[in-house]
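I have placed the structure first, in the form of structure tokens, so that the comments after it can refer back to it.
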Ligand SMILES: [Zn+2]
């Protein structure tokens, strides 16, 4: 038995979320975090004693259960409530450690077709599998099949404990783990909290414990028993590719069976589920279980329904995706449906008085997640026109129907490069495509590859790198293959301008089999350096990696071809961001594509115009500093937005308006003499100059020091070493106040007054205090920043009184 270490306890405490309701003992996770130095040792002793077979503390066996109404429906019905368990934190620490250990066992014991709750297994793979199966059946029209979407009745609550215990033993989880589980799962008790009153104790005798990290793992380990029975039963025929039967996919209690020979297979499967249910407490709900038929006549459907008692339907919702027996409907049923809902929401939000950054935040927090879900689960887009339409809707929302003033590309660029980080949906879709393409590149997940490539005639890398779609055009007669391949071709040259290290010429040349092998040698494994050139290793060295000498010479041919464009010596960006890491592939890929996409645009044009106006270059580092740390002086969006608008020269000018509307007059609104260019209106106009002179003098009075009047400091907030670090925050607020007031009188002849400016800055002082509180700054820091301004105000009003 492996004892629990201090590191395990510490990691578990680290893992606890702050701010959750505590369990019956009232001790919060914050308590454990702050006092962990003293708590780790005693906790460790208790935990290890339990693994050795001692009883768990009484307090671990009880939970408070609070009932939360599911919606505004009938509140007298118990089923309309969701129970939330409140467990003690020390219990959760112990459970967390057991869960981590248990996951390691399950990663080996649980078949890959069961996703959910385990690392590296994704819901998207299940949907991908079902779509691929439908694609295959679309081609093999003589294969009759059904897809059964099983609905289990309250699957999590009904599993019997004695079954679970025996199952754990059978899986060989180890005595320590079994002891641990027995200790916390025997004699479970709960008290209900109803209307703020705690009830008498209740005993609980079945089901997994809600809110406990082990419970979903227990559930999948029990479910695995059922799934194994189905997998191993010869009478149940799955959709077949070579020797492989694709019989099922599971994600938590969402189970789909994909069966050939519908009637016999289904009857047998139902029989097994029923048998299993009696022992383990898992029950199939026939009314709610839905079936899609493929290649069945109406008569056959009738007969199937009669014999199995299940209903064949036209459309089902599986893991959040609408499926029919034809994948062609996927676009309409999911993408179009989702976007029309989004459009409706955007119209409603248009009525809210949001700033531009606020509207961008809406897109990021509300629109993006909904679309991302589809991008990750449905890689099926054939034409890219939809993105233009979506982008237009987004643009209309962000600009409130007015003409866009900043290029879309700049809006989408990352903040650290001066953009607004507005999500670019097309790039997100493509980034998600790469997450699927990863399988084609790595050649490891043969279950997906065999099914998705069921009628391929070449190896995957033959299509990817040697463009065999010209010889085998049917490759693209597959909704997923076509969509993915198109994305790949758009970026191929950009991402891999030399022969990539990950390409396997051996796989590309191998005879295609229905069930592919693994362990294909990649270029980086079969090349060697010869002076300053690369050459293929000798046949002797590669004997074990190629099928025979004939194939060696075929690989040699490819090598000669690839040599012409050269070999990637170091890892490519694609390899670093997509192929190697196991996490955050999507955001890594998005950022990579975004960099390519915005590379030339960025902010160059705006930067050049500013340099021309001011008459000298602004150092790139100064710009960078401005949009990384410079705008952070405040948490207020309106203030930040003003700086961004200045950088991008957002404000309309008489010159621009005259151009757009063919007006005869393009003179400045203030002096009515000179052409109203952007820089004139903001800085060189005699009237505005006088205003800035006043502000400049006032700021000098406040700060009690002198400095030069640089336009980049007053207009853009590029302060540099102009004022001391301590005075910088005030300087930013003071100049932003002036600019916001200028903008207020933008199309008029008027200018703001001194009092108006003072009032505005006073408003910001309140705002700064709030910013300070939001960011947990020390009160003294904020006070120090405004001390000089306060004493300036005092002097000013005293002077005015006398
Ligand atoms: Zn003027």
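Quick look at the numbers
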quantity	calculated
In the stretch 215-244, residue nearest to residue 140 (Cα to Cα) [restricted to those that are assigned to a loop (DSSP other than H, G, I, E, B) and in contact (Cβ under 8 Å) with a residue 12 or more places away in the chain]	242
Evaluation of residue 746 against (1) within 16 Å of the ligand (Cβ to nearest atom); (2) farther than 22 Å from residue 641 by Cα; (3) outside any helix (DSSP H, G or I) (one fails), failing number	(2)
Residues within the stretch 369-404 that are in a loop (DSSP other than H, G, I, E, B) and surrounded by fewer than 21 Cβ atoms within 10 Å (Cβ to Cβ), tallied	10
Evaluation of residue 715 against (1) within 38 Å of the chain's Cα centre (by Cα); (2) surrounded by fewer than 21 Cβ atoms within 10 Å (Cβ to Cβ); (3) within 16 Å of the ligand (Cβ to nearest atom); (4) in a helix (DSSP H, G or I) (one fails), failing number	(2)
Boolean, residue 728 is part of a helix (DSSP H, G or I), surrounded by fewer than 19 Cβ atoms within 10 Å (Cβ to Cβ) and either modelled with pLDDT of 95 or more or away from the ligand (no atom under 16 Å from the Cβ) (or both)	yes
Unmet requirement for residue 278, which otherwise passes all of (1) closer than 30 Å to residue 452 by Cβ; (2) free of Cβ contacts under 8 Å to residues at least 24 places away in the same chain	(1)
Identity of the residue in the stretch 702-712, without any contact (Cβ under 8 Å) to a residue 60 or more places away in the chain and touching a helix residue (DSSP H, G or I) at 6+ places or on another chain (Cβ under 7 Å), that ends up nearest to the ligand (Cβ to nearest atom)	709
Residue 721 assigned to a loop (DSSP other than H, G, I, E, B), within 16 Å of the ligand (Cβ to nearest atom) and either in contact (Cβ under 8 Å) with a residue 40 or more places away in the chain or on the phi < 0 side of the Ramachandran plot (or both)	no
Residue check for residue 423: within 22 Å of residue 652 (Cα to Cα) and outside any helix (DSSP H, G or I)	no
Residue satisfying condition, being in contact with a strand residue (DSSP E or B) (Cβ under 8 Å, 6 or more places away or on another chain), modelled with pLDDT under 90 and either surrounded by 17 or more Cβ atoms within 10 Å (Cβ to Cβ) or not assigned by the TED database to the domain that holds residue 143 (or both), within set 223, 218	223
Residue in the stretch 780-794 that is farther than 19 Å from residue 723 by Cα and modelled with pLDDT of 85 or more present	yes
Residue match in the stretch 115-131 (condition: in the same structural domain as residue 278 (by the TED database) and closer than 30 Å to residue 54 by Cα)	yes
Residue satisfying condition, being assigned by the TED database to the domain that holds residue 670, under 21 Å from residue 740 (Cβ atoms), more than 48 Å from the chain's Cα centre (by Cα) and in a helix (DSSP H, G or I), within set 792, 764	792
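The values are calculated or read from the model by the stated rules, or taken from the named source; none is laboratory data. Predicted, not measured: the structure shown is a model, and the values here were computed from it. Glycine gets a Cβ as well: all are built from the backbone with ideal geometry, and neighbour counts include every protein chain shown.
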